[in-house]
Amino acid sequence: MLSIFTTFADWLAYSVLGLEQGSKLGGSVQFFIEDTTKIFFLLVVMIYVIALIRASLNVERIRDYLAGKNRFIGYFMGSTFGAITPFCSCSSIPVFLGFTSASIPVGITMSFLLTSPLINEVAVLLLLSLVGWKVTAIYVAVGMAVGIAGGIFLDLIHAEKLLQPFALKAYQTAESPNSEPGIKTKLTLIERHEFAKTELLDILGRVWKWVFIGVALGAALHGFVPESWFEENLGSGQWWSVPAAVLAGIPLYSNATGVIPVMESLIVKGLPLGTTLAFCMSTVAASFPEFILLKQVMTWKLLAIIFVLLLTSFTLVGWIVNLITVL
Amino acid sequence: MKQIQVLGSGCAKCVKTAELIQLIANESDVSVNVTKETNPETIMNYGVMSTPAVVVDNQVVHTGSIPDRKKIEGWLK
């Protein structure tokens, strides 16, 4: 079904624009057209369908669900909810405080917040259609593992002591939250449609530019980096290439939607999977703008700990995946 | 005069929400005082987790999205 986009891109790049088949520019343009049309088609269809299903799930209900759960189930569920609930990074502070003031441990809240940018339905669908189910499964497993392990670690070091004083106080004195419990009304099909429509426009409005930037970068890599360059230079997964990839990802800031077309190109060019994952996750999750936001509720010390924690786990992930895929 | 607060950490949607409320109030000649509240502690004390949220006379009446015109007109009555 998706081959229609390849045919369309071939036709537009080689027949209409008259680019030479097999040339660097031709290959890049063809890749760009194919990926943007395919990605936007998938985004529109899938965001709408998933939002229809997800319409009655909101952060208030998740909070009610996570409050009072056994810790270890809590980390897992926190991370799972993080993966399936997309929310704008501008909501992360109210969500953090809402969870904390309901006396949900900081580690469980962080499992939610760390997993959320890494995994979402858009990223998973793009991965599935661009690089296949195996890489998708590894990506999801790794993303959740980082979220869960990060949460457990933060509780072990009693991260709540490193919150801003008012947040710590809210955590310790948590009575039942003074907001209304999550609404559990059954939605009609029309309400679901309205919700899905709003979600679709909202998410597309947020990610469209990342798709263009991501695909353009992917296309440039695809056309202009020689076929065997990565393979020859980094193909055997040299140990230093993983931390180098993580460091390279820090100043780059993208969301998961933008980074996946780049990921596709890197893998096709023979960069080892672990190195690719390390680079992409670092780009998505270790971003300064979001860390600065978290400063409102955390001390610098805790922020620094979380930052180092992320970099360390992405490096470990890269090494482990490289090791497994070599065997 | 009605006191209306828009809660949110300064994202684009919160700004739009405040502007929309002011606009509709002007159109229907209701005098309101629309303010934006960005302090996370205050937002937390209202128990709000999804922004933008709207508080009319100290009551949270809306959370999580830009409210539609009908809703806003309802608050201004």
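The values are calculated or read from the model by the stated rules, or taken from the named source; none is laboratory data. None of these values were measured; they are calculated from a predicted model. Note that we place each Cβ from the backbone using ideal geometry, even for glycine, and neighbour counts take in every protein chain shown.
General observations
- In region A:14-23, the condition of being touching a residue at least 60 places away in the same chain (Cβ under 8 Å) and either in a helix (DSSP H, G or I) or crowded, with 21+ Cβ neighbours inside 10 Å (or both) is met by no residue.
- Check on B:Thr17, polar (S, T, N, Q), under 9 Å from the mean Cα position of the chain (by Cα) and under 18 Å from A:Asp202 (Cβ atoms): yes
- Qualifying residue in region A:39-59 (condition: in contact (Cβ under 8 Å) with a residue 12 or more places away in the chain, outside any helix (DSSP H, G or I) and loosely packed, with under 14 Cβ neighbours inside 10 Å): no
- Among the residues of region B:7-48, those that are surrounded by 20 or more Cβ atoms within 10 Å (Cβ to Cβ), among the β-branched types (Val, Ile, Thr) and within 13 Å of chain A (Cβ to nearest Cβ) comprise B:Thr17, B:Ile43, B:Val48.
- Residue match in region A:94-113 (condition: touching a Pro at 6+ places or on another chain (Cβ under 8 Å) and closer than 30 Å to A:Gly218 by Cβ): no
- Selection from region A:49-70 of residues that are in contact with a Gly (Cβ under 7 Å, 6 or more places away or on another chain) and either closer than 18 Å to A:Ile190 by Cβ or away from every other protein chain (no Cβ under 13 Å) (or both): none
- Within region A:291-315, tally of residues that are surrounded by 19 or more Cβ atoms within 10 Å (Cβ to Cβ) and not in a helix (DSSP H, G or I): 2
- In region B:1-68, counting only strands (runs of 3 or more DSSP E) that sit wholly within it, the ones holding 2 or more residues that are modelled with pLDDT of 85 or more and within 20 Å of A:Gln296 (Cα to Cα) span B:2-7, B:32-37.
- Options B:Val61, B:Val56; residue that is touching a residue at least 12 places away in the same chain (Cβ under 8 Å), within 14 Å of chain A (Cβ to nearest Cβ) and among the aliphatic types (A, V, I, L, M): B:Val61
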